[in-house]
Amino acid sequence: MANFVLKVPSNLRTFSVSAASSNGPSPGVPQSQSGGPVIVELPIDKIRRPLMRTRANDPGKVQELMDSIRQIGLQVPIDVLEVDGVYYGFSGCHRYEAHQRLGLPTIRCKVRRGTQETLRHHLR
Ligand code: ADP
């Protein structure tokens, strides 16, 4: 499946991307032409993390990732679900926290679209 990378300036607080698709994409949501996932830099504060308070990260892992990301950058994007224009992250918790602690404004994400039903499934 083809992915494409979309660079969003790191100082951008709000952003919009428009793309045409026969499935009728939400305004402002990046879409691949195939409807598959896209790789995009998203502002950290645009990603909701509903399970954040129930799952503790390993501080040692976070520190190692911080050191590595500082040196070589994020090598594997985190998975993000987009539902009705809202972004949700359920995994990639250590990478997300490492970015937060490094004070990075954006994080590279692999975004796939889902429905409210998909979201409910993740929250179960
Ligand atoms: P997470 O909760 O973020 O998934 P894990 O410790 O389970 O944390 O996995 C870390 C992941 O981060 C691995 O899949 C690894 O390939 C990926 N990764 C991406 N960028 C880096 C990097 N710069 N240094 C180390 N691991 C990285």
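What number of residues within region 94-110 satisfy the criterion of being in a helix (DSSP H, G or I), closer than 16 Å to Asp45 by Cβ and more than 11 Å from the chain's Cα centre (by Cα)?
Number satisfying all stated conditions: 6.
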- [ ] Answer with yes or no whether Arg113 is basic (Lys, Arg) and modelled with pLDDT of 95 or more.
- [x] yes
- [ ] Within region 29-73, work out how many residues are surrounded by 13 or more Cβ atoms within 10 Å (Cβ to Cβ), within 12 Å of the ligand (Cβ to nearest atom) and modelled with pLDDT under 95.
- [x] 4
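Being crowded, with 19+ Cβ neighbours inside 10 Å and hydrophobic (A, V, I, L, M, F, W, C) is the filter; apply it to region 89-103 and report the residue that is farthest from Ile69 (Cα to Cα).
Per the stated criteria, the residue is Cys93.
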Open item on the list: Could you go through region 110-121 and let me know if any residue there is surrounded by fewer than 22 Cβ atoms within 10 Å (Cβ to Cβ) and hydroxyl-bearing (Ser, Thr, Tyr).
Closed with: yes
Task: Criterion (in contact with a Phe, Trp or Tyr (Cβ under 8 Å, 6 or more places away or on another chain), among the charged types (D, E, K, R) and on the phi < 0 side of the Ramachandran plot) met by exactly one of Arg49, Arg70 - done: Arg49
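The values are calculated or read from the model by the stated rules, or taken from the named source; none is laboratory data. Small disclaimer: the values here were computed from a predicted structure and weren't measured. Virtual Cβ from ideal backbone geometry, glycine too; neighbours counted across all protein chains shown.
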